[in-house]
Amino acid sequence: MSAQIESLWETGRQVGKIAHYLYGTEDSVEIPFNRRINLMLDETRALIDSDIGFPIFEATFEHDGILVRIDVLIPEGPSWRAVEVKASTSVKDYHLLDCAIQDWVMRHVGLEVSSISLAHIDNRFVYPGQGNYTGLLLEHDLTEAVRRIEPSVVELIADARAAAAGPMPDVNVGMHCSKPYDCQFIRFCWPMDTEYPLAGLGGAKAKLGEWAALGHRDIRDVDARSITAATQLRIHHVTCHGEPEILDGAREAFSALEYPRYYLDFETISPAVPFWAGTRPYATIPVQWSCHVDDGSGDGSAASMRHEEFLDLSGEPPMRALAECLIDCVGESGPVLMYTNYEEHVVKHLIELFPDLTAPLQRIIARLYDLHPVVKENYYHPRMLGSWSIKAVMPTINPDMDYARLEGVAEGTAASAGFIEAIDPQTTPERRAELEQQLRRYCRFDTEAMVEIVRFFVNGNPN
């Protein structure tokens with residue numbers, strides 16, 4: 001399972017706990033998941049028939065082969081109020097259909113449903129601390145809208161049955177493969193078994209889907225005359241020629257940077273359920289940074305530079321100390337290098353948290369220098385497959401610096417999850433030490449990668 005999928009599951013678990021906190025009572029019951037579906041159905045039915053007066057979490061119902069698990073079922077006299085809980089920050093169109101299917105099943109098994117609502121995260125909520133999450137969820141009554149679209153539920157179920165019973169669907173790939181979510185069969189349906197898969201052209205999936213429908217599998221299969229987007233034309237041209245494009249602009253721009261140079265990278269967390277007072281759901285909270293400092297006296301390699309870093313795994317809010325240490329580290333002069341402007345957003349959020357540090361943090365923002373647009377304008381390698389992310393660029397510049405070789409924490413989502421696990425009081429000292437080593441290595445790897453990028457373009461490939 002990927003780090004992204006694991007993160008989604010963990011977010012769901014966090015929000016589920018909040019649902020228990022906000023809707024539960026001392027007597028509340030949760031129906032645990034069981035592969036023996038009949039056991040969940042029987043336990044739910046027994047509770048319904050016993051005329052209980054408390055909420056049921058994950059109540060399970062089945063009608064005509066359609067199984068649903070209701071996040072919260074609350075008794076209201078002889079009827080029940082259903083609440084579907086989502087980790088999103090608004091009601092989506094597909095949430096309405098989700099609730100409609102649940103309502104359809106519940107009413108067809110004879111349950112009297114007085115209303116069905118959707119509760120989602122309110123990203124304006126500021127956590128006051130002390131475990132008080134009142135106000136974290138916003139609830140919307142969707143009963144009228146749900147009942148209005150019931151005929152489409154019947155049609156959808158009929159279509160799903162036909163699809164499940166029929167042959168492999170003959171549907172071309174396209175935009176629908178990633179909306180509202182990425183389909184789990186993307187790698188099966190999209191042509192991926194070539195040296196330079198078609199998806200590496202980037203751009204709109206609708207256009208890529210048209211080319212795939214014509215039988216094109218590799219970037220080189222596409223006729224250049226059918227490409228109108230400039231970036232796609234560039235990718236196609238370089239890929240067909242088989243040699244990287246390296247223009248002089250990057251060397252000129254990076255050579256002109258003054259010293260000292262500060263290569264900066266942040267790691268952040270964005271928990272759906274905030275756990276530090278004064279923070280909001282999904283707020284970008286910096287918890288770690290790495291900085292390589294080049295005073296110009298070395299050979300331009302990371303090994304010849306001073307390295308500083310910040311990481312606090314005590315579990316206490318680290319943001320204030322992180323900001324103050326950063327201000328001390330970067331001094332008052334010299335460019336602060338980043339890859340994409342994410343670091344700028346992080347520093348701006350630090351200003352929101354600590355208005356008294358506005359002046360020194362604003363001075364850092366004024367010194368930020370983004371390597372990404374310079375690299376994108378002046379470099380492309382066929383193996384980048386349409387991406388100018390630092391993870392795509394690095395293996396083409398220095399094969400020894402491939403993020404795929406990192407063990408444990410190897411990308412941002414895993415770093416966020418690793419930090420949260422490391423500060424959990426239930427985490428063993430041995431596991432915490434392992435996570436700390438991985439977190440420090442990953443964040444340092446990012447700034448080492450930026451050093452290598454500048455070194456590559458200024459000096460040519462030094463390896």
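Readers should treat all values here as calculations from the given coordinates under stated rules, not as data from a laboratory. Predicted model only: the values in this text are computed from it and were never measured. Cβ: placed from backbone, ideal geometry, glycine included. Neighbour counts: every protein chain shown.
General observations
- Angle of helix 412-423 to the longest C-alpha principal axis of the chain, folded into 0 to 90 degrees and rounded to 10: 70°.
- Under 21 Å from K348, Cα to Cα: lysines that are on another chain or at least 8 residues apart: none
- Here the Karplus relation 6.51 cos²θ - 1.76 cosθ + 1.60, evaluated at θ = phi - 60°, turns the backbone of segment 152-166 into coupling constants of 6, 5, 4, 5, 4, 5, 5, 5, 5, 4, 5, 5, 5, 8, x Hz, with x for every Gly and Pro.
- In loop segments of segment 51-138 as defined by DSSP, the GluC sites (Glu not before Pro) with at most 14 further C-beta atoms inside 10 Å of their C-beta are E112.
- Summarising the label geometry, the points placed 7 Å from Cα in the beta-carbon direction at H108 and I37 lie 1.2 nm from one another.
- Among (i) 47, 32, 18; (ii) 39, 28, 22; (iii) 35, 29, 20, the entry that matches semi-axes √(5λ) of the Cα gyration tensor in Å as calculated here: (i)
- Eligible lysines near K376 by straight Cα distance, threshold 18 Å, same-chain separation 8 or greater: K391
- Label zone at K179, where the point sits 7 Å out along the Cα-to-Cβ direction: segment 68-107 residues whose backbone N lies under 19 Å: 89-98
- By average C-beta atoms within 10 angstrom, highest first, the peptides 342-350, 293-301: 342-350, 293-301
- Under the convention that each Lys and Arg Cβ holds +1 and each Asp and Glu Cβ holds -1, the size of the dipole of the chain around its Cα centre is about 780 debye.
- For L233 and E258, a Förster radius of 30 Å and the Cβ-Cβ distance give a FRET efficiency of 0.25, rounded to the nearest 0.05.
- All lysines inside 17 Å of K17 as judged from Cα atoms, apart from same-chain residues fewer than 8 positions distant: K86
- Computed per residue of the chain from DSSP H runs no shorter than four, each worth -39500 (n - 2.57), the mean residue ellipticity at 222 nm is -13500 deg cm²/dmol.
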